[in-house]
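The values are calculated or read from the model by the stated rules, or taken from the named source; none is laboratory data. Predicted model only: the values in this text are computed from it and were never measured. As a convention, Cβ positions derive from the backbone with ideal geometry for all residues, glycine included, and neighbour counts pool all protein chains shown.
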Amino acid sequence: MKALIQRVKKASVTIDGGLYSSIGNGLLVFLGVVKGDEKQNAELLAQKLLKLRIFEDENEKMNRSLLDVGGEMLVVSQFTLCGDCKKGTCPSFDKSAPPEIANELYEYFVTQIKSSNVPCKTGKFGAMMEVELINDGPVTFMVEK
């Protein structure tokens, strides 16, 4: 399971010209599910992201987590994160989980975040989405579990 995370001041998802969801201060998470991923991967990744200390403390050091700052999370399914661009000029998606499994694990990841009482919004699995954000920093990390 792969997550490209961005610390944001705000982020939103628009589908078919209408606002679908939005958050304020927190994390925008682009989530990709790889073949072989299981619920345990989603659980470990959720706990990692909730506790990852990438928010500034009073000394302007990245020493606070999403839980510490009371931030929100916006989780967007991102099939292309699983793409392999090593050979040629056309990405291969052989390592991507089938849509049924990917959606199930995406939804499970979201329930793990929500069970920690973090306000969590989502995109729509499989939809064409427009994602807007104001990256805070910028701070961006790739996390895999």
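Quick rundown of the values:
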read-out: Filtered residue count, region 1-20, keeping only those that are over 21 Å from Thr140 (Cα atoms) and either of a type in the set (Phe, Trp, Tyr) or touching a residue at least 60 places away in the same chain (Cβ under 8 Å) (or both); value: 3
read-out: Single unsatisfied condition, Ser115 versus (1) under 19 Å from Met129 (Cβ atoms); (2) free of Cβ contacts under 8 Å to residues at least 24 places away in the same chain; (3) polar (S, T, N, Q); value: (1)
read-out: Helices (runs of 4 or more DSSP H) completely within region 1-115 that count 1 or more residues being hydroxyl-bearing (Ser, Thr, Tyr); value: 99-114
read-out: Those residues of region 93-145 which are over 14 Å from the mean Cα position of the chain (by Cα) and of a type in the set (Val, Ile, Thr), in sequence order; value: Ile101, Ile134
read-out: Selection from region 67-111 of residues that are over 17 Å from Val13 (Cβ atoms), touching a residue at least 60 places away in the same chain (Cβ under 8 Å), of a type outside the set (A, V, I, L, M, F, W, C) and in contact with a strand residue (DSSP E or B) (Cβ under 8 Å, 6 or more places away or on another chain); value: Lys95, Ser96
read-out: The listed residue being surrounded by 14 or more Cβ atoms within 10 Å (Cβ to Cβ) and modelled with pLDDT of 95 or more, out of Lys61, Lys48; value: Lys48
read-out: Cβ-Cβ under 7 Å pairs, at least 6 apart or on other chains, region 121-138 side aliphatic (A, V, I, L, M), far side assigned to a loop (DSSP other than H, G, I, E, B); value: Met129/Gly123
read-out: Hey, Ser116 farther than 19 Å from Lys2 by Cβ, polar (S, T, N, Q), in contact with a helix residue (DSSP H, G or I) (Cβ under 6 Å, 6 or more places away or on another chain) and surrounded by 14 or more Cβ atoms within 10 Å (Cβ to Cβ) or not; value: yes
